[in-house]
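The values are calculated or read from the model by the stated rules, or taken from the named source; none is laboratory data. Keep in mind that what you see is a predicted model, and the values were worked out from it rather than measured. Virtual Cβ from ideal backbone geometry, glycine too; neighbours counted across all protein chains shown. Side chains are part of the model used for accessible areas, which takes the heavy atoms of the whole protein and leaves out ligands, DNA and RNA. Shrake-Rupley method; radii C 1.70, N 1.55, O 1.52, S 1.80 Å.
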Amino acid sequence: MSVDVAIVGGGYTGLSTALHAAERGLDCCVLEARQIGYGGSGRNVGLLNAGLWLPPQDVRAKLGGERGARLVDILGDGPSYVMSLIERHQIRCELTRSGTIHAAHSESGLADLRRRAEEWERLGAPVRLLSRQETAEKIGSDAFHGGLLDARAGTVNPMGYVRGLARAAKAAGARIHTGVAVTKLSKQPGGWVLETDQGRVTAKSVILATNAYSDGLWPGLKQSFVPIHFFQVATQPLGARIARILPERQGIWDTGQIMLSLRRDAADRLIIGSMGAAIGGAKGLSERWAARQLRRLFPELGPVEFETAWHGQIAMTGDHLPRIHRLAEGLYTPIGYNGRGIAPGTVFGKAMAELLAGGKEADLLMPVTDVRQESARALKAGFYQAAFAVNQVIKSF
Ligand SMILES: Cc1cc2nc3c(=O)[nH]c(=O)nc-3n(C[C@H](O)[C@H](O)[C@H](O)COP(=O)(O)OP(=O)(O)OC[C@H]3O[C@@H](n4cnc5c(N)ncnc54)[C@H](O)[C@@H]3O)c2cc1C
């Protein structure tokens, strides 16, 4: 096959690149080693959040005033752009638009939220600090000291959204091939040859959209971030028993160093998660952890049955900022969303398509950089893995 753009990876970044490139008349194909959504895009919490993991003032401090402000601005509108895509392409992904709540697990967590709230308010964003009482009413638990409600945000069924993006990209003319692993990239005059386990593709440009699931395809890419796991456990549908839990269906995450997340899905399951790998499947340690946390948050709920547990991998960078690397001429990778990739992955994919359709590198959301190894990567990954496992054990009893 010969195309203008070959995209490696069938998650939000790759499929958004494909959708927007195809809409701009480029002939493109997506090559996904497993299935659509096999990576973070099918495994995440579904918090369709605005901005990055870092508060806006920290993004500006790290990136420089003008560039940082532009990134904060564009990613502040990220959820609304994703919602517009969902609407335009009729994507069935259980979208909720009632915001998300960053919940304070302690007084120091509340101080952090206050700082975030002041800055977002200064920027005119519809973000509001909730009192302890309001937080308790919205979550249905009095375990939190307060919360930050972001009205721009919402929740999605992550797999529904990524599959819908694939359908939209295909309808726009992109070719999508699953079960095709790219094993080698070679430069040739005017473009690239991609060797796959099922044949060759030649392309003028290549986007590696493999994020935390990057393999050894490009030397050093996998070493440019620290991989960490995040696991989730889903209850069976709980119906009227959870009428008072997240009645407006905001998704939440807390300010704990080892963060906890919670969402109530369209079938009234509670999906609770934290950092680390799922240990022992739905019937193992992670289930005990989930049962214990649900008891702590909602003592009146009583025992619940769990349906399933899973985990996924997140790409963390040292400064918590994503990157856009130019790996070689005509070969780019947006990478390192630090666990905030639903809207950013979609928006970065669109930006890559604009670049390939004749845009300028200088207009990209991040300065284009060379790939660099994250220092002490293996040590950090091992340390986090051990710390998260210990935390899961301790909080299971
Ligand atoms: C458990 C978890 C919870 C999260 N929660 C949230 C959240 O609530 N909100 C939020 O905004 N973000 C969240 N994130 C982050 C978000 O999910 C990711 O940033 C985002 O999905 C990244 O999308 P992507 O398309 O860049 O990469 P991915 O979705 O990871 O896709 C990469 C794909 O590349 C494929 N691939 C790799 N190598 C090859 C190869 N050689 N050939 C072919 N294909 C290849 C993989 O199979 C994979 O499908 C979470 C992540 C995880 C793991």
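Just a few scattered comments:
- Considering (1) within 16 Å of the ligand (Cβ to nearest atom); (2) touching a strand residue (DSSP E or B) at 6+ places or on another chain (Cβ under 7 Å); (3) assigned to a loop (DSSP other than H, G, I, E, B), the lone condition that Leu26 does not fulfil carries the number (1).
- Picking from residues in the stretch 261-271 that are of a type in the set (A, V, I, L, M, F, W, C) and open to solvent by 40 Å² or more (accessible area, probe 1.4 Å), the one that is nearest to the ligand (Cβ to nearest atom) is Ala266.
- Of the set (1) open to solvent by 30 Å² or more (accessible area, probe 1.4 Å); (2) over 30 Å from Leu26 (Cβ atoms); (3) within 16 Å of the ligand (Cβ to nearest atom), all apply to Lys380 but (3).
- Residues (open to solvent by 50 Å² or more (accessible area, probe 1.4 Å) and either in a helix (DSSP H, G or I) or closer than 23 Å to Leu321 by Cβ (or both)) located in the stretch 383-397: Phe383, Tyr384, Gln385, Ala386, Val390, Val393, Ile394
- Number of positions in the stretch 191-229 that are out of contact with any Gly (no Cβ under 9 Å at 6 or more places or on another chain), within 11 Å of the ligand (Cβ to nearest atom) and under 19 Å from Asn338 (Cα atoms): 3
- Where Leu54 falls short, out of the listed (1) more than 14 Å from the ligand (Cβ to nearest atom); (2) more than 23 Å from Val162 (Cα to Cα); (3) in contact (Cβ under 8 Å) with a residue 24 or more places away in the chain; (4) surrounded by fewer than 21 Cβ atoms within 10 Å (Cβ to Cβ): (1)
- Top-ranked residue of the stretch 1-19 - restricted to ones that are farther than 16 Å from Thr178 by Cβ and touching an Asp or Glu at 6+ places or on another chain (Cβ under 7 Å), ranked as most open to solvent (accessible area, probe 1.4 Å): Asp4
- Within the set Asp77, Asp73, the sole residue that is within 16 Å of the chain's Cα centre (by Cα) and not aromatic (Phe, Trp, Tyr) turns out to be Asp77.
- Checking each residue in the stretch 207-260 for being within 18 Å of Gln392 (Cβ to Cβ), open to solvent by less than 50 Å² (accessible area, probe 1.4 Å) and assigned to a loop (DSSP other than H, G, I, E, B) picks out Gly256, Ile258, Met259.
- Gly140 open to solvent by 10 Å² or more (accessible area, probe 1.4 Å), touching a residue at least 12 places away in the same chain (Cβ under 8 Å) and at positive phi: yes
- Restricting attention to the stretch 93-136, the residues that are touching a helix residue (DSSP H, G or I) at 6+ places or on another chain (Cβ under 6 Å) and either more than 24 Å from Val156 (Cβ to Cβ) or open to solvent by 90 Å² or more (accessible area, probe 1.4 Å) (or both) total 3.
- Scanning the stretch 29-40 for residues that are aliphatic (A, V, I, L, M) and either free of Cβ contacts under 8 Å to residues at least 40 places away in the same chain or more than 7 Å from the ligand (Cβ to nearest atom) (or both) turns up Val30, Ile36.
- Index of the failed condition, Met159 passing every other in (1) under 30 Å from Gly330 (Cβ atoms); (2) open to solvent by 10 Å² or more (accessible area, probe 1.4 Å): (1)
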